[in-house]
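Contents: one structure, followed by commentary.
The values are calculated or read from the model by the stated rules, or taken from the named source; none is laboratory data. On a predicted model such as this, the values are computed, not experimentally measured, just so you know. Because the Cβ atoms are built from the backbone with ideal geometry, glycine has one as well, and the counts that use them run over all protein chains shown. Please note that ligands, DNA and RNA were not included when accessible areas were found on the heavy atoms of the full protein model with its side chains. Shrake-Rupley method; radii C 1.70, N 1.55, O 1.52, S 1.80 Å.
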Amino acid sequence: MELIIAPAAQLAILAADRFEAVLRAKPRAVLGLATGSSPLPTYDELARRHREGGLSFAQATGFTLDEYVGIDLDHPERYRNVIAREITDRVQWPAGQVSGPDGSAADLTAAAAAYETAIRDAGGVDLQILGIGSNGHIAFNEPLSALTSRTRSVPLTEQTRRDNARFFGGNLDLVPTLCLTQGLGTIMEAREIVLVATGAGKAEAIAQLVEGPISASWPATVLQMHPNTTVLVDKAAAAGLTRHRP
Ligand code: GLP
């Protein structure tokens, strides 16, 4: 695992550099997309490179990590809509080439299996961007998720719902209680992973991720077993590290 500590603006450039390198080498790349606020500056930078530098997503395929269950199809915080707004539409990525787990399916088990098949049929993810929850979750793999888990439905913890209430007008009651998420085992199959975290609220999760024991209590620690992961953090998110000094 490579760790880079840099100012937040620089992190977005470094993450966008990885996307650009993968896309230029392989225009038909399979890209893994994440929601949450952490990837947004990277998406801004990718949109700028598309606009000003002709970076093309026209042949790429995208897969998002997760989706709320029980959210209206046209809700602005439905992850499929967030991804369209924040990245897909801005880089003229053909909408049919970007998909997410179907949180509106009547049969969530079948939807999860179908999503695994779709990723596999596309050849697997070349580059996955990740954020991290303050409790160490990645995608919606909450603490005590099996380290080998696959795409499945998961109840959201109270802490994650509180963290995400800001996207629902601060009203916890409006935050869904269930989601469909890629598993840790699914995410681990990406050929390259870039995780971005900023701010003091992520310091404990980053300390566990980089220096803690691999444990389902801190799901992101499974990435210590991944052969090609870069962790991009600002000084505040790096503050809990004892062996890596900013
Ligand atoms: C949500 C998403 C995760 C994301 C996390 C952190 O729970 N499912 O994929 O990493 O939030 O979000 P943020 O980057 O806004 O702190």
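Between the alpha-carbon centers of the stretch 49-78 and the stretch 84-142, tell me the distance in whole angstrom.
9
Along the charge dipole of the chain, pointing to its positive end and built from +1/-1 on Cβ of Lys, Arg, Asp and Glu, which listed residue (178, 154, 193) has its Cα farthest out?
Result: 193, furthest along the dipole toward the positive end.
With a 1.4 Å probe and all protein chains left in place, how much of the accessible area of the stretch 133-246 comes from carbon and sulfur atoms, in whole percent?
On the way: 2540 of 4790 Å².
For the stretch 133-246, the apolar C and S fraction of the accessible surface comes to 53 percent.
Going by a ≥ b ≥ c, the root eigenvalues of the Cα gyration tensor, does the stretch 61-139 fall in the rounded group (a/c under 1.5), the prolate group (a/b larger than b/c) or the oblate group?
Working: a/c = 1.10, a/b = 1.03, b/c = 1.07.
Rounded.
Obtain the nm distance between the two label points defined at residue 118 and residue 51 by a simple spin-label model: each point lies 7 Å from its Cα along the Cα-to-C-beta direction.
Label at residue 118, label at residue 51, 2.9 nm between them.
Given the Cα-Cα distance of residue 28 and residue 166 and 0.36 nm per residue of separation, how much length would full extension add, in nm? Kindly include the intermediate steps, with their values, before the conclusion.
Values: separation 138, 0.36 × 138 = 49.68 nm, distance 3.55 nm.
Difference between extended and current length: 46.1 nm.
What number comes out for accessible area per residue over the stretch 1-73 if the probe is 1.4 Å? Units Å², please. Let's see the in-between values first.
On the way: 3100 Å² over 73 residues.
Averaged over the residues of the stretch 1-73, the accessible area is 43 Å².
Can you name the helices of the chain, as whole DSSP H runs, whose Cα span along the helix axis is 20 Å or more and whose Kyte-Doolittle mean is not below -1.0? Walk me through the intermediate numbers first.
Numbers: long enough: 8-25 (26 Å, 0.89).
What comes out of the filter, once short or polar helices are dropped, is 8-25.
First check a/c for the stretch 56-201, with a ≥ b ≥ c the square roots of the eigenvalues of its C-alpha gyration tensor; if it is under 1.5, answer rounded, and if not, answer prolate when a/b is larger than b/c or oblate otherwise. Don't skip to the end; give the middle numbers.
Values: a/c = 1.32, a/b = 1.23, b/c = 1.08.
Rounded shape, in that the Cα axes give a/c under 1.5.
Kirkwood hydrodynamic radius (Cα pairs, Å) of the chain? List each step's numbers first, then the result.
Numbers: mean 1/r = 0.0558 Å⁻¹.
Final number for the Kirkwood radius of the chain is 17.9 Å.
Rounded to the nearest 20 Debye, what is the dipole magnitude of the chain about its Cα centre when Lys and Arg each give +1 and Asp and Glu each give -1 at the C-beta?
Values: 22 positive and 27 negative charges, 108 e Å.
Dipole size: approximately 520 debye.
With a cap of 11 neighbouring Cβ atoms within 10 Å, and only residues DSSP puts in a loop, list the trypsin sites (Lys or Arg not before Pro) found in the stretch 158-246.
Details: sites: 161, 162, 166, 191, 202, 235, 243; in loops: 191, 235, 243.
Answer in residue order: 243.
Can you give the accessible area of residue 3 in Å² (nearest 10), computed on protein heavy atoms with a 1.4 Å probe?
We get 40 Å² for residue 3.
Positive end of the charge dipole of the chain (Lys, Arg +1 and Asp, Glu -1 on Cβ, about the Cα centre): tell me which of 5, 140, 226 has its Cα farthest that way.
Toward the positive end, the furthest listed residue is 5.
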